[in-house]
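What follows draws every value from the coordinates through simple rules; no lab data is involved. Here the structure is a predicted model, which means the values were calculated and not measured. Neighbour counts run over all protein chains shown; Cβ positions are idealised from the backbone, glycine included.
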Amino acid sequence: MNTNLSLSQLGWRAFFQQQLTLNDLEHTLIARIITYHRDHFVVQSEQGCHKVLVNSDHPPLTVGDWILVTQHNEHWLFTRLLERLTLLSRKSAGSKLSEQLIGANIDTLFIVSSHNQDFNLSRFERYLALAYQSECLPVVVLTKRDQCAEPEQHIAQLTALDNHLTVLSVNALERGSVEQLMPWCGKGQTLAFVGSSGVGKSSLVNSLCEQQLSDTGAIREDDSKGRHTTTHRALHVLNVGALLLDTPGIRELQLSDCQQGVELTFNDISELAQQCRFADCSHQLEPGCQVLAALQKGLLTQRRITNYQKLLKEQQRNTQSLAQLRSQDRSLGRFYRNVQADMRNLKGR
Ligand SMILES: Nc1nc2c(ncn2[C@@H]2O[C@H](COP(=O)(O)OP(=O)(O)OP(=O)(O)O)[C@@H](O)[C@H]2O)c(=O)[nH]1
Ligand SMILES: [Zn+2]
């Protein structure tokens with residue numbers, strides 16, 4: 001299914017076109033990564049789906065990336081990664097800390113929460129920081145409007161955080177209500193939904209498309225010998241025209257390397273902080289602190305200041321531990337290379 005899509009249906013833009021050389025146009029095939037496995041990935045081009053083998057010397061790649069591939073004997077090989085419009089990444093879960101790429105070239109990140117107990121301003125700020133860092137456009141979707149007595153209060157609290165923020169309030173089970181999302185779901189637009197379990201992400205997609213996501217999941221990969229295997233796609237082509245990026249990692253995001261995103265999300269506080277008397281002001285009890293002054297005047301809430309500091313600390317901690325891990329990796333690499341060189345010297349003797 002979906003094998004005969006044009007590049008624009010797959011999300012192709014002038015931004016990517018401009019990166020091509022004449023040589024690329026003559027000798028390579030343009031393709032978008034739609035799913036990723038340990039030893040290969042699957043791309044979709046205008047000619048259909050192809051399996052591309054993974055080798056160790058290509059850059060980190062992720063679902064949604066645009067790449068150029070060439071056919072070599074029986075295989076499709078990676079040639080070049082095109083510069084990304086946006087990149088969503090996170091500190092990966094588990095004990096081994098590393099940065100994990102979640103998705104590339106996502107246009108709109110729908111940040112989903114319900115109008116009930118799940119509603120939490122600090123969580124929105126966390127997702128907004130990620131959206132700004134990745135350069136995706138954030139759109140907040142509040143679900144379960146039908147179960148909330150005063151939905152307008154939630155909308156007002158969110159627009160008070162950032163009055164440029166788009167906030168939609170819907171009943172995710174009703175198609176007429178979910179149509180509010182349509183302006184961001186046109187042909188070739190790439191979307192992703194983030195938010196806690198049970199807030200209604202699947203319901204939104206199902207109502208929007210009147211199609212079950214499971215229907216869009218399976219794809220056939222054809223290898224060069226004409227053998228078929230079935231795999232699960234992570235970039236779904238929805239019948240409204242948009243592409244939905246849905247990977248297991250996308251639902252539990254943490255912050256790393258996103259100081260800029262946090263600063264943009266809390267630009268009211270960071271602008272005030274620049275005017276504090278002390279450059280390293282902790283905004284707790286220092287004299288001449290403009291953040292505390294704004295708090296006293298009722299222009300800022302203690303919750304927002306605390307969350308700002310918490311997110312900054314969290315991302316600094318993650319960034320530091322990532323840097324430590326990278327340097328450990330480098331010294332381990334040096335160690336292995338030295339051992340290999342010693343072995344070669346021993347053999348040569
Ligand atoms: N009344 C009402 N129920 C909703 C609404 N949105 C979702 N639900 C219900 O809430 C439950 C969870 O919805 P899902 O769409 O599965 O939530 P999800 O975010 O995809 O959850 P995960 O798959 O766990 O991440 C289902 O029983 C839905 O029918 C809504 O706007 N109104
Ligand atoms: Zn201060």
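Descriptive notes on the structure:
- Rough spin-label spacing in nm, given labels placed 7 Å along Cα→Cβ, for Ser282 and His164: 3.3 nm
- Net length available on complete extension from Leu20 to Asn120 is 31.6 nm, with 0.36 nm assigned per residue and the Cα-Cα distance removed.
- For the pair Ala149 and Glu271, the difference between a 0.36 nm per residue extended length and the Cα-Cα distance amounts to 40.3 nm.
- Ranked by the mean number of other Cβ atoms within 10 Å of their residues, highest first, the peptides 260-268, 169-177, 130-138 fall in the order 130-138, 260-268, 169-177.
- With a Förster radius of 22 Å applied to the C-beta separation of Lys297 and Ala156, the computed FRET efficiency comes to 0.65.
- With K and R counted +1 and D and E -1, the other residues having a Cβ less than 15 Å from that of Ser169 yield a net charge of -4.
- Per-peptide average of other Cβ atoms within 10 Å, ordering 4-14, 18-28 highest first: 4-14, 18-28
- Applying a threshold of 31 Å to the alpha-carbon distances of Lys201/Lys297; Lys144/Lys187; Lys144/Lys313; Lys51/Lys187; Lys187/Lys310 flags Lys201/Lys297; Lys144/Lys313; Lys187/Lys310 as lying beyond it.
- Model label sites at Gln260 and Thr70, defined 7 Å from Cα along the beta-carbon direction, differ in position by 3.3 nm.
- Note on segment 1-150: Cα convex hull, mean projected area over all directions, 12.4 nm².
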